[in-house]
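The values are calculated or read from the model by the stated rules, or taken from the named source; none is laboratory data. Here the structure is a predicted model, which means the values were calculated and not measured. Here Cβ is always computed from backbone atoms with ideal geometry, including for glycine, and neighbour counts include all displayed protein chains. Just the protein is used for accessible areas: all its heavy atoms, side chains included, with ligands, DNA and RNA removed. Shrake-Rupley method; radii C 1.70, N 1.55, O 1.52, S 1.80 Å.
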Amino acid sequence: MSGLLQSSEKTVTVIGGGVAGMSAACAMAQAGLRVQLVERRGYLGGRASSYLHPGVDEVIDNCQHVLFGCCTNLIGFYQRIGVADRIHWTSEMTMIEPGGRRSPLGPSWLPAPLHGLPKLMAAKAFTLADKLALGRAFAAMMRPVPRNSQETLGDWLRRHGQTEGAIERFWRLVIASALNADLDSIALPYAAKVIRELFMNSAQAGSMGMSTAPLSELYSGAAKFLERSGSSVLFNSNVESAEWDEETSQWTLSTRNGALMSDFLVLALPFEATAKLLPHMPAADGVDALAAQLERHQHWPICSIHLWFDREITTLDHAVLLDREIHWLYNKSRLQPWRRLKGSYVELVVSASRHFAQLSREEAIALAMRELAEFFPAMAEAKLQKAALVKEMRATFAVPPGIDASRPTSVSPWPNCFLAGDWTATGWPSTMESAARSGHLAAEAVCMSIGNPRTILDPDLKPRGLMRFV
Ligand SMILES: Cc1cc2nc3c(=O)[nH]c(=O)nc-3n(C[C@H](O)[C@H](O)[C@H](O)COP(=O)(O)OP(=O)(O)OC[C@H]3O[C@@H](n4cnc5c(N)ncnc54)[C@H](O)[C@@H]3O)c2cc1C
């Protein structure tokens, strides 16, 4: 996109300061619209945010968020607001077994999709039978999966003779965890998308990014960008209802802090909040159908355990922990050296954590400490200084077979109003990339409506190596 255009007379209100709302608002501000971004809370980021945790007196993320090289719209949004250099990228992933044996995974000089093969073949975490099973599954994933396939990933794995080791240590831990659900609750096309993007298309697509700044600080770049562009952000403003005036072609929104008016509206809310607002929107054809789509969505939890030790327990930046309830380790004191801690801070993430989320704080932290000691010998000497548990019960939406019928496009039942949010029709699972895509699609729709059509959606990365011919 070119630089700032002259401000048009048209005004847009974006409801929701998550990644979807921020990316829509910033793209429209850059296109010359006057935007007000309205957020219920006192900070930006939505489900990807950070805050001062009173129990530990530290700024923590609600959970570690990772992105990948294939997240072109999220990266495009970061570039737009000037924070892309705050992402730390890595192509290495270390699997650790209880007992401490390590299997580093990552790309080699071989062309895609073979680039990950040498390290996978050398990985001690997998038996020869596991490796052959994974090789067969990857080869089968080269064939296109029909978007309307009703098969679950679990059924597909059984049909493709996957071994227990391949299922537990790769499919459940890496793929189902990225999609945050059980194997039998994931539609095959979504699993195929993750496999292709992270492991097959190119080494660049599969490289992993982590913010070196707390998430809300990262996203404060969006507020600064909007202010520089003549737009604004309204915090602590819960939108309670919206009315459309046919005569003036204006929207009026009610918040506790007063009414807001604009020519256009973008609802960039999670599916639960969209459903809550629906009865307070004008009657229109299509509202019942949208309500029915919203009802079919379900969410899955993610838990994170934040631990501060008097010393470093590992020099790894991050690791995949096998065969236990805790799944991912992020060494925050290494990823965020500005914290200047005397000891160390690690964050553990438990995905698809319906069982773990039932544990009390004491039980969860004790379990995490017990399991961590099985992976890192330094735990024997390390003293825990403080700990926090964050349970996000509505972390992500589920992607079971048939879910695409319940993911609407940006077109809404109302005039001059568009939908965004990670759950809308982007083809991506519940991720910041899906949210950024939905924001860019809604921004394109608004620009089209005012007769200023433009391409805002960032293109996908092109497959490399042999994948160019698939
Ligand atoms: C624990 C956890 C871990 C995750 N890990 C990852 C990860 O590693 N990688 C990844 O890509 N994704 C991850 N995700 C998913 C990712 O966070 C979401 O997909 C994405 O942030 C959704 O963005 P959104 O803008 O669509 O919705 P949200 O982030 O939910 O934003 C909606 C915003 O609307 C506001 N709002 C709601 N109602 C109103 C109202 N009436 N008026 C005004 N404002 C309102 C909310 O406060 C919120 O700020 C994770 C999510 C969680 C919770």
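Show me 157-165, 428-436 ranked by packing, highest mean number of other Cβ atoms within 10 Å first.
428-436, 157-165
Give me a comma-separated list of calculated 3J(HN,Hα) values for region 324-330, in order, Karplus coefficients 6.51, -1.76, 1.60 applied at θ = phi - 60°, integers in Hz, x for any Gly or Pro.
Along region 324-330, the couplings run 10, 6, 7, 10, 10, 10, 10 Hz.
Quick one: in the chain, what % of C-alpha pairs are over 28 Å apart?
Summing the P(r) of the chain above 28 Å gives 53 percent of all pairs.
Whose amide H sits under 5 Å from the amide H of F418, counting only residues 5 or more places off or on another chain, with H placed in the peptide plane?
L265, V266, L267
Rounded, prolate or oblate: which one fits region 72-155, using the alpha carbon gyration tensor with axes a ≥ b ≥ c (rounded when a/c is under 1.5, else prolate when a/b beats b/c, else oblate)?
Oblate, because a/c is 1.5 or more while a/b does not exceed b/c.
Which helices count as membrane-span-like in the chain under these terms: full DSSP H, at least 24 Å along the axis by C-alpha, Kyte-Doolittle mean of -0.5 or more?
432-449
Distances longer than 24 Å among the Cα atoms of region 366-470: what percent of all pairs is that?
54 percent
Using a 10 Å cut-off on Cβ atoms, rank the peptides 185-196, 414-425, 248-259 from the highest mean neighbour count down.
Ranking, from highest mean packing down: 414-425, 185-196, 248-259.
Which value in nm describes the separation of the simple spin-label points at H53 and A84, placed 7 Å from the Cα toward the beta carbon?
3.2 nm
Could you state how much accessible area K124 has, in square angstrom rounded to the nearest 10, with a 1.4 Å probe and all protein chains kept in place?
Looks like 120 Å² after rounding.
Mind giving me the FRET efficiency for A378 and V287? R0 is 51 Å, r the Cβ-Cβ distance, nearest 0.05 is fine.
Efficiency at R0 = 51 Å is approximately 0.35.
Would you mind checking K119/K193; K193/K332; K10/K224; K124/K462 for any pair whose Cα atoms are more than 25 angstrom apart?
Over 25 Å apart, Cα to Cα: K193/K332; K124/K462.
Would you mind telling me the antiparallel percentage of the DSSP bridges in the chain, rounded to 5?
Given both bridge residues lie in the chain, the antiparallel proportion sits at roughly 75 percent.
Place the peptides 321-333, 398-410 in order of packing, highest mean first, counting for every residue the other Cβ atoms within 10 Å and averaging per peptide.
321-333, 398-410
Where in region 302-323 is the amide nitrogen less than 20 Å from a point lying 7 Å along the Cα-to-Cβ axis of K386?
304-313, by backbone N distance to the label point.
When a/c is below 1.5 the answer is rounded, else prolate if a/b is larger than b/c, else oblate, so apply that to region 1-115 with a ≥ b ≥ c taken from the square roots of the Cα gyration tensor eigenvalues.
Oblate is the answer for region 1-115, as a/c is 1.5 or above yet b/c matches or exceeds a/b.
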